[in-house]
Amino acid sequence: MVKFGPAGHSASFALDGKKHTYEMPEWLKNKGLDIFEYSFGRGVNIKEDSARKIGDEAKKYGIEITVHAPYYINFATEEQDKYQNNFRYVMQSLETLNYFGGQRVVIHTASQGKLDRKVALANASRALEELASRACSAGFGDKLLCLETMGKKSQIGTVDEIVDFCKISPIFIPTLDFGHINACFQGILKTKDDYRREIDKVFEGLGEEKAKKVHIHFSKIQYSQAGEVRHLTFEDDKYGPDFEPLAETIIEYGMNPYVICESAGTQAEDALSMKTEFIKLRDNSLQI
């Protein structure tokens, strides 16, 4: 089943008089959405009882929670304190994911910094091997660590790089952030064939099982020569990308991804518009 939902709180959540994340599952259920991505962007700082309360509400209303580990993870680093902190951030994210009753944690893998890109890739690969071992040893072998494609040229995370990383362990799957891919490569996602090209890399590199259950981030993103600048809303008609050709590709390939919307302030509304469009296209395809 393809699932749709927002990352974080839409502006409308507060406008509807909601204040607490434990109110989010009921709010999303009433909107017709399926999932919620809780971001630990600046650190995992939620208390266990609060996380369990959110998880209880999610179970009650049939909303699945995914999490995004802290943004500043960099498994290419050669600084030992930062290297060890990376593991701590992910393990904290996994522990809280358990309290939420979820299965997926999204991870930024690395930045190139001043390193040669081959060196950064090798460093990250070795660290991810260790991460998989640590996660499984800690009892998290049933979770999925979703390694994200990135939006800036200085970051590690092209589709090819993420596919290679995901070969390391069964618990790694890609997060295909199509807004990032489009921004990093200056607007390359326009047609169904453009989406096919990127998704084919996953099928060919990782096989059908992983490819069909990928995690997806989707938003329109402004970009410069260096890549991502800022997230936009679906009202944007300049930068893209557009969702329809991706939806058609998902249907054609029989995929069942989780689709998380990261629009700037309208993520719940834009997630619902994606779900509505996807259902319409899917139903039309079944009638042909």
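The values are calculated or read from the model by the stated rules, or taken from the named source; none is laboratory data. As the structure is a prediction and not an experimental result, all values here were calculated from the model. Positions of Cβ are backbone-derived with ideal geometry, glycine not excepted, and every protein chain shown enters the neighbour counts.
Below are the figures for this structure:
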{"read-out": "Selection count where residues are more than 15 Å from V90 (Cα to Cα) and either among the hydrophobic types (A, V, I, L, M, F, W, C) or crowded, with 18+ Cβ neighbours inside 10 Å (or both), scope the stretch 32-53", "value": "6"}
{"read-out": "Unmet criterion (only one of (1) surrounded by fewer than 22 Cβ atoms within 10 Å (Cβ to Cβ); (2) modelled with pLDDT of 95 or more; (3) of a type outside the set (F, W, Y)) for S10", "value": "(1)"}
{"read-out": "Of residues in the stretch 231-271 being assigned to a loop (DSSP other than H, G, I, E, B) and touching a His at 6+ places or on another chain (Cβ under 6 Å), the one farthest from Y38 (Cα to Cα)", "value": "A264"}
{"read-out": "Check on F165, in contact with a strand residue (DSSP E or B) (Cβ under 6 Å, 6 or more places away or on another chain), buried (at least 22 other Cβ atoms within 10 Å of the Cβ) and part of a loop (DSSP other than H, G, I, E, B)", "value": "no"}
{"read-out": "Residue match in the stretch 128-143 (condition: part of a strand (DSSP E or B) and touching a residue at least 40 places away in the same chain (Cβ under 8 Å))", "value": "no"}
{"read-out": "Tally of residues being exposed (fewer than 15 other Cβ atoms within 10 Å of the Cβ) and more than 21 Å from K167 (Cα to Cα) across the stretch 193-228", "value": "4"}
{"read-out": "Considering residues of the stretch 168-181 that are assigned to a loop (DSSP other than H, G, I, E, B) and in contact with a helix residue (DSSP H, G or I) (Cβ under 8 Å, 6 or more places away or on another chain) only, the residue nearest to K153 (Cα to Cα)", "value": "I168"}
{"read-out": "The stretch 230-275, subset aromatic (F, W, Y) and free of Cβ contacts under 8 Å to residues at least 40 places away in the same chain, residue nearest to V106 (Cα to Cα)", "value": "F243"}
{"read-out": "So G102, is it surrounded by fewer than 22 Cβ atoms within 10 Å (Cβ to Cβ), of a type in the set (G, A, S), modelled with pLDDT of 95 or more and under 22 Å from the mean Cα position of the chain (by Cα)", "value": "no"}
{"read-out": "In the stretch 194-230, the residues that are out of contact with any Pro (no Cβ under 7 Å at 6 or more places or on another chain), in a strand (DSSP E or B) and under 28 Å from E64 (Cα atoms)", "value": "H217, F218, I221, R230"}
{"read-out": "Filter result (of a type in the set (S, T, Y) and more than 22 Å from I173 (Cα to Cα)) within the stretch 229-257", "value": "T233, Y239"}
{"read-out": "Those residues of the stretch 1-26 which are in contact (Cβ under 8 Å) with a residue 60 or more places away in the chain and not in a strand (DSSP E or B), in sequence order", "value": "M1, V2, G8, S10, A11, S12, F13"}
{"read-out": "Within the stretch 182-219, considering residues that are of a type in the set (G, A, S) and in contact (Cβ under 8 Å) with a residue 12 or more places away in the chain, the one farthest from K153 (Cα to Cα)", "value": "A211"}
{"read-out": "Residue in the stretch 52-63 that is within 30 Å of E130 (Cβ to Cβ) and in contact with an Asp or Glu (Cβ under 8 Å, 6 or more places away or on another chain) present", "value": "no"}
